[in-house]
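Asks: Quick one: structure below, then a few questions.
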Amino acid sequence: MQELIGWRPLKTIGPDNGAPGVESMLDIEYLSSVSGGLPMIVFSTSVTHGGQEPFLVWVQTVLKLADADLPQVISVSYGDVEASLTADYMMRLDAEFAKVGLRGTSILFAAGDSGAACNNDGTKFQPDFPASAPHVTTVGGTELSGLLETGPEVMNSIGGGGLSNVFPMPDWQKTAYSKWRQQAGTDAPAKFFNATGRAYPDIAGLSSGFWVVTDLVPQPVGGTSCAAPSLSAIVSLVNEHRLAGGKQPLGFLNPLLYAQGNKNSAIFNKVRAGCNMGCGANNGIGFCALKSGFFSPAGGWGSLNYREMIKLP
């Protein structure tokens with residue numbers, strides 16, 4: 001496939017002898033096309049963590065890279081459920097993500113495709129991980145409204161969003177969360193989530209109407225696995241612009257995003273309608289966008305505006 005479109009990743013780190021999957025091809029095709037073919041490294045692993053995603057093996061591989069080889073932006077569209085992992089393991093992983101951020105790399109994770117999800121008892125929302133990790137930027141999902149999808153962006157009901165049961169809310173998020181609770185009022189499904197946990201997603205992007213080609217076969221796809229590589233490509237283009245102007249790459253994004261959001265920055269395209277899925281006891285609704293377009297656990301601050309982001313100091 002890469003030869004047919006005249007583009008190949010710079011290199012692959014890890015096994016490269018299996019048939020490509022839809023998930024990996026989705027990331028590669030949209031990272032490359034949206035970014036205009038910026039150099040890319042593909043990471044792959046051949047092991048699992050107790051049947052779950054091998055995130056620790058992967059991030060340790062990333063951290064072994066020399067500074068000159070370390071990508072400035074990393075997009076990941078895989079995830080697990082917090083309740084399926086130990087707190088110690090998740091805390092360890094987030095510490096590793098923090099190390100990557102300290103080296104100037106932005107990590108963007110898809111928020112998942114189960115909305116706010118729900119536990120087996122139907123009494124609490126069930127957060128995803130690493131979407132809930134504080135040291136990654138989590139990408140939720142939007143879609144275009146209207147019969148022909150020509151209207152404004154609204155929340156995609158499958159887009160992941162919620163509050164962690166493991167990680168406390170970071171300081172950089174507290175102001176946004178407080179304002180969201182004030183604006184949401186009784187619409188915030190308070191009994192279903194941990195009010196002191198790290199909220200996600202941080203931003204959102206289009207997550208429906210995508211096509212991916214695997215083994216020369218095109219097929220439609222949707223979900224935050226579409227949004228994460230698309231927004232990662234935008235961040236990569238912003239970094240390219242910054243480097244050309246003698247500035248540093250953006251690095252760990254979240255403190256910057258929340259500082260900009262709290263002052264009503266134009267770097268976000270606000271999303272003002274739509275909800276994600278939740279528990280049946282809450283009429284199947286999770287979190288909803290605010291009419292003001294302010295931050296919410298449905299879609300964070302909304303999608304990114306490239307033309308405004310390149311103006312950041």
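The values are calculated or read from the model by the stated rules, or taken from the named source; none is laboratory data. Predicted model only: the values in this text are computed from it and were never measured. Cβ atoms come from the backbone with ideal geometry, glycine included; neighbour counts cover every protein chain shown. Protein only, heavy atoms only, side chains kept; ligands, DNA and RNA dropped before computing areas. Shrake-Rupley method; radii C 1.70, N 1.55, O 1.52, S 1.80 Å.
Asks: Would you confirm whether or not region 255-263 contains a residue that is out of contact with any Phe, Trp or Tyr (no Cβ under 7 Å at 6 or more places or on another chain), touching a residue at least 60 places away in the same chain (Cβ under 8 Å) and surrounded by 21 or more Cβ atoms within 10 Å (Cβ to Cβ)?
Replies: no
Asks: Among the residues of region 27-61, write down those that are closer than 16 Å to F129 by Cα, outside any loop (DSSP other than H, G, I, E, B) and open to solvent by 50 Å² or more (accessible area, probe 1.4 Å).
Replies: Within region 27-61, H49, V57 qualify.
Asks: Separate question: Looking at region 76-87, is at least one residue at pLDDT 95 or above and open to solvent by 70 Å² or more (accessible area, probe 1.4 Å)?
Replies: Checking region 76-87: at least one residue is at pLDDT 95 or above and open to solvent by 70 Å² or more (accessible area, probe 1.4 Å).
Asks: For G115, all conditions in the list (1) open to solvent by 20 Å² or more (accessible area, probe 1.4 Å); (2) in contact (Cβ under 8 Å) with a residue 60 or more places away in the chain; (3) farther than 23 Å from F252 by Cα; (4) touching a strand residue (DSSP E or B) at 6+ places or on another chain (Cβ under 6 Å) hold save one; what is the number of the exception?
Replies: Evaluating G115 over (1) open to solvent by 20 Å² or more (accessible area, probe 1.4 Å); (2) in contact (Cβ under 8 Å) with a residue 60 or more places away in the chain; (3) farther than 23 Å from F252 by Cα; (4) touching a strand residue (DSSP E or B) at 6+ places or on another chain (Cβ under 6 Å) leaves (1) as the failure.
Asks: Do you know which residues across region 177-207 are buried (at least 24 other Cβ atoms within 10 Å of the Cβ), of a type in the set (G, A, S) and out of contact with any Cys (no Cβ under 9 Å at 6 or more places or on another chain)?
Replies: A199, A204
Asks: In addition: So which residues in region 262-313 are in a strand (DSSP E or B), more than 30 Å from R242 (Cα to Cα) and not small (G, A, S)?
Replies: Across region 262-313, the qualifying residues are C275, N276, M277, I285, F287, C288.
Asks: OK, next. Taking region 62-78 as the search range and keeping residues that are part of a loop (DSSP other than H, G, I, E, B) and either in contact with a helix residue (DSSP H, G or I) (Cβ under 9 Å, 6 or more places away or on another chain) or of a type in the set (D, E, K, R) (or both), which one is nearest to T137 (Cα to Cα)?
Replies: S77
Asks: State whether the residues of region 222-243 include one that is among the β-branched types (V, I, T), open to solvent by 30 Å² or more (accessible area, probe 1.4 Å) and in a helix (DSSP H, G or I).
Replies: yes
Asks: Same structure, new question: Whether any residue in region 205-220 is of a type in the set (F, W, Y) and touching a Ser or Thr at 6+ places or on another chain (Cβ under 8 Å) is what I want to check.
Replies: No: region 205-220 contains no residue that is of a type in the set (F, W, Y) and touching a Ser or Thr at 6+ places or on another chain (Cβ under 8 Å).
Asks: So, in region 68-97, exactly how many residues are farther than 20 Å from S24 by Cβ and either in contact with a Gly (Cβ under 8 Å, 6 or more places away or on another chain) or not acidic (D, E) (or both)?
Replies: 16
Asks: Next question. Restricting to region 121-161, give me the number of residues that are closer than 30 Å to E96 by Cβ and either surrounded by 24 or more Cβ atoms within 10 Å (Cβ to Cβ) or not aliphatic (A, V, I, L, M) (or both).
Replies: Count: 23.
Asks: For region 104-175, which strands (runs of 3 or more DSSP E) that fit wholly inside it have 1 or more residues that are closer than 19 Å to G223 by Cβ and acidic (D, E)?
Replies: It comes to 137-144, 153-155.
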